[in-house]
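Notes to accompany the following structure.
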Amino acid sequence: VANSIQGWHLPTYDEVIELRNTMDPNAGQKLKARNKVNSWKWVASTTGSDGTDTVGFGAVGGGDYYYSSSLNKWLHDGIGHYYYFWCINGTSSWIAHLYANDKLLNVNGTQRNNDKYLAQVRLIKDS
């Protein structure tokens with residue numbers, strides 16, 4: 001996808017780490033969309049980590065969509081609980097994620113087989 005859109009690219013692992021470090025403390029909370037009446041909502045936070053959307057990133061808890069080989073079908077879960085987006089590290093695909101009850105932006109090296117896992121795409125404009 002990103003290679004076909006001139007002037008834009010998928011964030012690299014290092015760019016996501018830089019985003020997290022720039023936004024800390026509580027980077028995830030600052031990137032999550034605020035809950036609004038009649039709009040997409042995160043589940044109610046039990047830890048005081050509701051989104052503030054400080055910089056207009058507007059992450060919403062779209063959950064994840066993945067292929068279960070054992071069930072031989074695609075599964076979708078975590079709506080309102082999780083937000084995942086792709087980043088790359090060299091030739092490997094990685095997932096960065098936000099959780100409803102967490103104030104952090106997690107980039108924990110969750111490498112995914114990208115033909116079996118779907119996540120949101122956030123592109124960065126080339127400088």
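Each residue in segment 14-30 was checked for being in contact with an Asp or Glu (Cβ under 9 Å, 6 or more places away or on another chain) and either of a type in the set (Gly, Ala, Ser) or loosely packed, with under 13 Cβ neighbours inside 10 Å (or both), and 1 pass. The residues in segment 48-74 that are in contact with a Gly (Cβ under 6 Å, 6 or more places away or on another chain) and within 16 Å of residue 104 (Cα to Cα) can be counted, and the count is 1. Entry remark, segment 44-71: residues being crowded, with 16+ Cβ neighbours inside 10 Å and aliphatic (A, V, I, L, M) number 2 in total.
Residues that are assigned to a loop (DSSP other than H, G, I, E, B), more than 21 Å from residue 50 (Cα to Cα) and either at pLDDT below 80 or open to solvent by 70 Å² or more (accessible area, probe 1.4 Å) (or both) within segment 91-120 comprise 91, 112, 113, 114, 115, 116, listed in sequence order. Every test in (1) of a type outside the set (Ser, Thr, Tyr); (2) modelled with pLDDT of 85 or more; (3) open to solvent by less than 30 Å² (accessible area, probe 1.4 Å) is passed by residue 33 save one, and that test is (2).
With respect to the conditions (1) open to solvent by 50 Å² or more (accessible area, probe 1.4 Å); (2) part of a strand (DSSP E or B); (3) closer than 25 Å to residue 124 by Cβ, residue 83 falls short on a single one, namely (1).
The values are calculated or read from the model by the stated rules, or taken from the named source; none is laboratory data. If you're wondering where the values come from, they're calculated on a predicted model, not measured in any experiment. With ideal geometry, Cβ positions are generated from the backbone for all residues, glycine too; neighbour counts draw on all protein chains shown. Areas reflect the complete protein model, heavy atoms only, side chains present, ligands, DNA and RNA absent. Shrake-Rupley method; radii C 1.70, N 1.55, O 1.52, S 1.80 Å.
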